[in-house]
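The values are calculated or read from the model by the stated rules, or taken from the named source; none is laboratory data. These numbers were taken from a predicted model, which means no experiment stands behind them. For neighbour counting, all protein chains shown are included, and Cβ atoms are generated from backbone atoms with ideal geometry for every residue, glycine included.
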Amino acid sequence: MSSISIIGSGNMASAIGALALKGGNAVEVIGRDAAKAAALARALGDGATAGTWGAAPAGDIVILAVLFDSAVPVVSEYGAALADKIVVDITNPFNPSATGLAIPDDTSVAQMVAEAAPASTQVVKAFNTLFSAVLTAGDPLDVFMAGDDPQAKASVSAFITSLGLRPRDAGDLSMAHWLEGASLLEMGLARNGVGHFNFSLGVNLG
Ligand SMILES: NC(=O)c1ccc[n+]([C@@H]2O[C@H](COP(=O)([O-])OP(=O)(O)OC[C@H]3O[C@@H](n4cnc5c(N)ncnc54)[C@H](OP(=O)(O)O)[C@@H]3O)[C@@H](O)[C@H]2O)c1
């Protein structure tokens, strides 16, 4: 069992929070709007709690479930409160039409978050390739992840497994750029060959 805090109270916070509780994890929801965070904690039930914005999160794993352009500002505002935590960045930095990435080609939101976070914070990219509605359906899915610290990735892998999902380690944090690109690929597939958003990318083992 893991203890997680989710910063954000939108679609992904709700989807990951529900799976986390079902998997027996302790869940704290934190939002800049305390009423929204409290409402999500209540809706999730099963002992989910609402945390205080800006205070040290209760969870060892902190899921950053805010919009991509808020990720670095939020991590900077939290500062030392995130020391020694594992921060899971789930964001997708799409341009307004979701046809390209809105950040430079040589980086990723996850790497920018790592630069903004305390030195003792380990950042892992994960969950960004899964649409919230597909996650909510609760099927066993592949969760691509990337990060530099093996222990942090082991902790996040254990958390992912507790959700009934399969962790798929893609390598170090520089791979986060390609995971963010993979979400763009999904947008292209959804709008073209697949024709809807009810799918996920996964690994077919031969
Ligand atoms: N939806 C998906 O299917 C999906 C799939 C994979 C990855 N993602 C990524 O997951 C992240 C969350 O997506 P979502 O669909 O859950 O979005 P959402 O429903 O719009 O929720 C966004 C959350 O971020 C908070 N937020 C926005 N700006 C903030 C700021 N400056 N400071 C603090 N909190 C802020 C919002 O708070 P307020 O309510 O107070 O505005 C809200 O709680 C995004 O980065 C997205 O790219 C989404």
For this session: Give me a count of the residues in segment 78-92 that are more than 13 Å from the ligand (Cβ to nearest atom) and either in contact with a helix residue (DSSP H, G or I) (Cβ under 6 Å, 6 or more places away or on another chain) or on the phi > 0 side of the Ramachandran plot (or both).
Result: 3
Exercise. For segment 3-58, how many residues meet the condition of being more than 10 Å from the ligand (Cβ to nearest atom) and either touching a strand residue (DSSP E or B) at 6+ places or on another chain (Cβ under 6 Å) or on the phi < 0 side of the Ramachandran plot (or both)?
Worked result: 29
For this session: Could you grab the pairs with beta carbons closer than 7 Å, sequence gap of 6+ or different chains, first residue in segment 177-201 and within 13 Å of THR99 (Cβ to Cβ) and among the acidic types (Asp, Glu), second one at pLDDT 95 or above and crowded, with 17+ Cβ neighbours inside 10 Å?
Result: GLU186/THR129
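Return the residues of segment 184-205 that are under 15 Å from ASP139 (Cβ atoms) and of a type in the set (A, V, I, L, M, F, W, C); say none if nothing qualifies.
Hits for segment 184-205 are PHE197, PHE199, LEU201, VAL203.
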